[in-house]
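**Student:** Submitted below is the structure of interest, expressed as structure tokens.
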Amino acid sequence: MRTKIVFRSFEQVLQILRDNQFDVRNLPGVANQSAGQVAVGRYGAAAILAPNPKYSAKTAADGEQHPVIWITPPGWLLRGQISRLVDHGNQKLFETPTARIAATADALTSVHRFSEELREVIGEPSLYNESLGTVSNSYMYDRLKGREAPPASDAASSH
């Protein structure tokens with residue numbers, strides 16, 4: 001039997017997050033604070049959420065749209081910015097445009113815990129591969145650099 005997915009309004013999600021001791025802040029510079037982007041944080045991790053402009057009663061009934069969208073996915077807070085987790089093959093790093101640090105087990109656990117709790121409050125399903133551990137935002141394996149296929153003329157002349 002399928003589990004019924006509960007859709008909460010953006011305001012309900014924010015109130016539940018506040019009630020559960022998440023740090024919820026309106027982002028400065030957003031014209032309409034009540035309908036703007038919101039930074040949510042806990043355990044040293046954070047994400048930016050916003051109400052979905054495409055969400056309506058019709059799309060909710062169809063299950064097509066969710067009332068909350070991710071502007072920035074969960075990441076570790078690094079020098080006041082939400083970092084991206086990048087897998088470099090032999091090491092995972094938290095990266096922002098201005099900083100890069102090695103991802104520790106404690107930081108990865110915090111981001112994973114924050115992500116799972118945030119998805120539960122929002123009402124998003126928990127996916128199997130994501131429930132196993134923290135998923136990287138991108139994969140940049142060094143062994144793939146410079147391994148593009150050789151031009152056709154080089155390949156033909158080498159035989």
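Please treat every number below as a calculation from the coordinates, not as lab data. Computed from a predicted structure; not experimentally measured. Neighbour counts are summed over all protein chains in view; Cβ atoms, including those assigned to glycine, are modelled from backbone coordinates with ideal geometry.
**Student:** Mind ranking 20-28, 94-102 by how tightly packed they are, going by the mean number of other C-beta atoms within 10 angstrom, highest first?
**Tutor:** Going by the mean number of other Cβ atoms within 10 Å, highest first, we get 94-102, 20-28.
**Student:** Between THR98 and GLU120, how high is the FRET efficiency from 1/(1 + (r/R0)^6) when r is the Cβ-Cβ distance and R₀ = 22 Å? Nearest 0.05.
**Tutor:** So, using R0 = 22 Å, E works out to roughly 0.10.
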